[in-house]
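Let me begin by presenting the structure, written as structure tokens, before commenting on it.
Just so you know, all these numbers are worked out from the coordinates, no wet-lab data involved. Since we're looking at a predicted model, the values are computed, not measured. Cβ atoms come from the backbone with ideal geometry, glycine included; neighbour counts cover every protein chain shown.
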Amino acid sequence: YWRPVDVQSQASPVVQLASQVAKQIEQWIGRVRLPGHAEPIRAGDIMILLPRREPFGSEIIRQLKERRVPVAGADRIRLTEQIAVMDLIALGRFVLMPDDDYNLAALLRSPLCGISEDELFMLSYERNGTLWNVLRQRHVETVATQEAHEFLSEMFKRADYSPPFEFYSHALTARGTRLKLLQRLGHEAGDAIDEFLSLCFAYEAANTPSLEGFLHWVERGGAEIKRDMERGRDEVRVMTVHGAKGLEADIVVLPDTTSVPEAVSNKGHLLYTENGVLFPVTDSEAPQAVKRAKAEAQARVMEEHRRLLYVALTRAKDRITVCGFEGKNGIKQGSWYALAQPAADKLGIDLVRGDGMIKAFGETADEPAAPAASVPDKTMHRPDWLGQKGPRDAPAPRLIRPFDAAGMEEPSVFSPLAGNNRFRRGLLVHTLLARLADIAPAERNSAARKFLRAQKLDEEETTKLIGETLAVLDNPVFAAAFAPGSRAEVAIVADLPELGAGQRVNGRIDRLAMTPDEVLIVDFKTNRPPPKNEAEVSTLYLTQMALYRAAAVKIFPERRIVCGLVWTDGPTLMRLSNDRLDAELGRIRARLDPGGARS
């Protein structure tokens, strides 16, 4: 069959060595065990270390996948070079430029659409118009073309109003294309997909959520991610020596060992020295200063090269295999293979493996792995609870509003632009009652006057409000409500199942005081004139205090609860009797839960 032009020849040294390494790993896993080990070799026990990712990295991963050996993939990946991300980018390009035939053809062949080569040829050959128009006209010819047309049409419509993350999330989850990508490309494609979605979030946080802008941003940035290669999954790890620092494995394979890095390439890189910047011309034309600078740079590179060899050799706990592929230039002097070979010649023994001879030392004989113990066949008995209906979830809490509990319509809200003096006066008195209690009595008048002047009240109204407020604070009947230790604006929350399933009260008490025997709940009211007795109190106020009392009983079950209303015009304190509040609570129960019969 026809092969892509950029695929390496089967006769390539890289391909041949990758095939041998993959074959050896396949023979190790599950079949033999290392000397001194009780368990057979697993894929997670093996690490392949490279001085550079290419040309060997992608080839060994491909060879291992062909043999169905679990492999983690490369330790660093450039997102725009991952096939899964390239397919997602192609989807975005299509909805922006549907007339790009080449992009659409690549998208149709991807796992996102799943059209076969023959079906694509049927649509493309001798067509009239763009490939997208042909697909719309002939999509009913096969199941694959029909599904692809339906998917692309939906995504085409979504592109006009969906931001990048929502667009791609819908394609991957609601349309199930994530599973298709993983089935075709392997689970390691999930890392690239997740990182691509993270980039969608990052772009939308800092830019206008435009699909076109996002694709341009991703392709221009060329984001790179680093995989976590800790020994957590049972997979062969393929990574650079730089990325392997701090890691180890039972078996380490060094395949790419016959080359050396070059400090100066032929790409016009400059030489930076203490005396200036030099251009690295060829040795035949270079002056001594350039030759000396090139030699110094190469020496520094070789020093790092040898240090990485030490790092690679010390990653192995039990076994290390050094091998290499020899190209037309042979084995380079100073390469890892050339450095390791004298030690192997001196310490090792000759062993015949396959068609060649190798040098080895230490314990070299693998031990056959014991067959996996068979799991006894146990009949599983289905527990009784498996066939029972699950318990009903507790109803979600329903917050009780005083207006609903009182059976009243919620009054209309005064407009803040209406200049309602009564409403404003009540807020001012309420604020003074709440805050002056925390100020020393001798300073209350001055503090209140400063506050009211800041609210732009005239002197007559200011004096009147201060008099009303201080009369309440100074009255010995209210001493407990405003004594040290009392609190203002106390939030209270309690579940009241006796009023109905899931009922909950959530309110804010104007003033709360606690003594060893009782809890005093006081609410401020600014009605003018105030009611003469308890019977004239508004139903809404009684409902509110009855709910507060019921909640306080739940929170302070060991103390007596006393409720009262402070009428600022007077001032007067009206204590609400428990009998009236209990009666009001019964009416609340009947309104909220008319069908319930609770004690």
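Set against the 2.2 N^0.38 Å expectation for a compact globular protein, the stretch 492-581 has a Cα radius of gyration ratio of 1.10. Pair-distance distribution P(r) for the stretch 91-133, from all Cα-Cα distances in 10 Å bins starting at 0: 30, 59, 11 percent. Using the Cβ-Cβ distance between Asp393 and Met514 with R0 = 41 Å, the FRET efficiency computed as 1/(1 + (r/R0)^6) comes to roughly 0.70.
Segment Lys359..Ile555, full-extension length gain: 62.5 nm, with 0.36 nm per residue of separation and the alpha-carbon distance subtracted.
Evaluate Rg over Rh across the stretch 231-305, taking Cα atoms for both radii and Kirkwood's formula for Rh.
On the way: Rg = 18.1 Å, Rh = 15.5 Å.
My calculation puts Rg/Rh at 1.17.
Measuring between their Cα centroids, the stretch 238-261 and the stretch 506-557 lie 76 Å from each other. Look at the alpha carbon pairs under 8 Å that are at least 6 residues apart: their mean separation over the length of the chain gives a relative contact order of 13 percent. Counting only alpha carbon atoms, the long axis of helix 539-555 and the longest principal axis of the chain meet at about 60°. Computing FRET efficiency as 1/(1 + (r/R0)^6) for Arg67 and Ala491, where r is the C-beta to C-beta distance and R0 is 56 Å, gives about 0.25.
Identify the trypsin sites (Lys or Arg not before Pro) of the stretch 426-515 meeting these criteria: DSSP loop state and at most 14 other C-beta atoms within 10 Å of the C-beta. Numbers along the way, then the final one.
On the way: sites: Arg435, Arg444, Arg449, Lys450, Arg453, Lys456, Lys464, Arg487, Arg504, Arg508, Arg511; in loops: Lys456.
Loop-located and lightly packed - Lys456.
Over the stretch 1-118, all Cα pairs binned in 10 Å intervals from 0 give whole-percent P(r) values of 11, 30, 30, 20, 7, 2, 0, listed from short to long.
With the alpha-carbon atoms as the only input, what is the per residue convex hull volume for the stretch 44-203 in Å³? Before the final figure, lay out the partial values.
Numbers: hull volume 22.3 nm³, N = 160.
So the per-residue Cα hull volume is 140 Å³.
Here is the list for the stretch 470-574: GluC sites (Glu not before Pro) lying in DSSP coil, each with at most 13 other C-beta atoms within 10 angstrom of its C-beta, are Glu558.
Taking max minus min of the alpha-carbon positions on each principal axis, the stretch 97-172 gives extents of 37, 21, 19 Å, largest first. For the stretch 488-517, the residues whose amide N sits under 18 Å from a probe point set 7 Å from the Cα of Leu540 along the beta carbon direction are 506-510.
In the stretch 62-126, what trypsin sites (Lys or Arg not before Pro) fall in a loop by DSSP, with at most 12 other Cβ atoms inside 10 Å? Intermediate results must be reported in sequence, preceding the final value.
Working: sites: Arg62, Lys65, Arg67, Arg68, Arg76, Arg78, Arg93, Arg109; in loops: Arg67, Arg68.
The qualifying sites are Arg68.
With 0.36 nm allotted per residue and the present C-alpha distance subtracted, the Asp194-Ala447 stretch has 85.1 nm of extension available.
Ratio to report: Rg/Rh of the stretch 271-330, with Cα atoms as the point set and Rh obtained by the Kirkwood method; give two decimals.
Ratio value, two decimals: 1.18.
Under the simplified labelling scheme, the Leu96-Asn275 pair shows an inter-label distance of 5.1 nm, with each label point 7 Å from Cα along Cα→Cβ. Taking the C-alpha atoms only, the angle from helix 211-221 to the longest principal axis of the chain is near 50 degrees. The candidate values are (1) 83, 57, 49; (2) 170, 84, 37; (3) 112, 71, 64; the one derived from this structure for Cα extents along the principal axes in Å carries the label (3). On the beta carbon distance between Ala206 and Ser169, with R0 = 22 Å, the FRET formula returns roughly 0.70.
Here the stretch 53-131 was treated as a single set of alpha-carbon atoms; its pair distances binned every 5 Å from 0 give 3, 13, 18, 17, 16, 14, 10, 7, 3, 0 percent. For the stretch 507-524, 3J(HN,Hα) computed residue by residue from phi via the Karplus equation (6.51, -1.76, 1.60; θ = phi - 60°) reads x, 9, 7, 4, 8, 9, 10, 10, 10, x, 10, 9, 10, 9, 10, 10, 10, 8 Hz, glycine and proline entered as x.
In the chain, the longest principal axis of the Cα atoms and the axis of helix 83-96 are about 60 degrees apart. Averaging 1/r over each pair of different alpha-carbon atoms in the stretch 151-199 and inverting the result gives 11.3 Å, the Kirkwood hydrodynamic radius. Extension gain, Ser153 to Ser116, is 11.4 nm, computed as 0.36 nm per intervening residue step minus the present C-alpha separation.
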